[in-house]
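Have a look at the structure below before the remarks.
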Amino acid sequence: MDGDSPKATVRSRAQETAGAGARRESAVGKDRSDIATITKLELYFAVRQFTRTMRRFADLLDYDYDMVMIFFAVVESCFQSIIPLGGATADRAALEAAYLDSMSIGLTILAIGEASGIPRETVRRKVKRLTETGYLATLPHNKNIYVPLSTLLDKAVVDAFANYATDIDQLVKNLQYYSRPAKGS
């Protein structure tokens, strides 16, 4: 520091710090490249799975993506209601009665709008169409919108969910493959 100005000393220390930081980032960046690749693959496969699922259900619902989102919002709610029935071995009529008696089954028009981000009036019109086609129904005691068990067991709906499950399985296999340790590591 003998002949150096204070500014030169500060600049010199900043350059040293920047150089050390760049070396650390380079080492960390090398480790992050694998993570970045996995993250990009996860994103790609997640988007691909999402678009395939949306198209499959759009096939069922006249390519009306608002109806697809509404259907999914109601299906999610109904799936939560049937989780307690998971191991039931009762006949279909008994299962349907237990399903309909569930206090948490279905959603209101307002709740569907909040869950899907679709305006309430649009939800009301689309729910009317989905009800007319049998994909949704209204509970008489509380006016909640729900997915009838007959719809959940309909072959086209079951096939769409089976394909969704296959896509998820493939997503998991791909992620497991690409996240495995490199040979020789």
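The values are calculated or read from the model by the stated rules, or taken from the named source; none is laboratory data. Note that the coordinates shown come from a computational prediction; the quantities given were computed from them, not determined experimentally. Cβ placement follows ideal geometry from the backbone for every residue including glycine, while neighbour counts extend to all protein chains displayed.
Points worth noting:
- Test for Ala36: is it closer than 30 Å to Tyr178 by Cα, modelled with pLDDT of 60 or more and not basic (Lys, Arg): yes
- Listed conditions (1) surrounded by fewer than 16 Cβ atoms within 10 Å (Cβ to Cβ); (2) closer than 16 Å to Leu60 by Cβ; (3) free of Cβ contacts under 8 Å to residues at least 60 places away in the same chain are all met by Pro148, apart from (1).
- Residue tally, condition among the β-branched types (Val, Ile, Thr), under 19 Å from Asp101 (Cα atoms) and under 22 Å from the mean Cα position of the chain (by Cα), over the range 114-157: 3
- The set of residues in the range 130-148 that are of a type outside the set (A, V, I, L, M, F, W, C) and in contact with a helix residue (DSSP H, G or I) (Cβ under 7 Å, 6 or more places away or on another chain) comprises Gly134, Tyr135, Thr138, Tyr146.
- The range 81-110 - residue that is assigned to a helix (DSSP H, G or I) and modelled with pLDDT of 80 or more and, of those, nearest to Tyr146 (Cα to Cα): Ile109
- As a summary of the residue check, Pro181 satisfies the conditions (1) within 23 Å of Met54 (Cβ to Cβ); (2) at pLDDT below 80 except for the one numbered (1).
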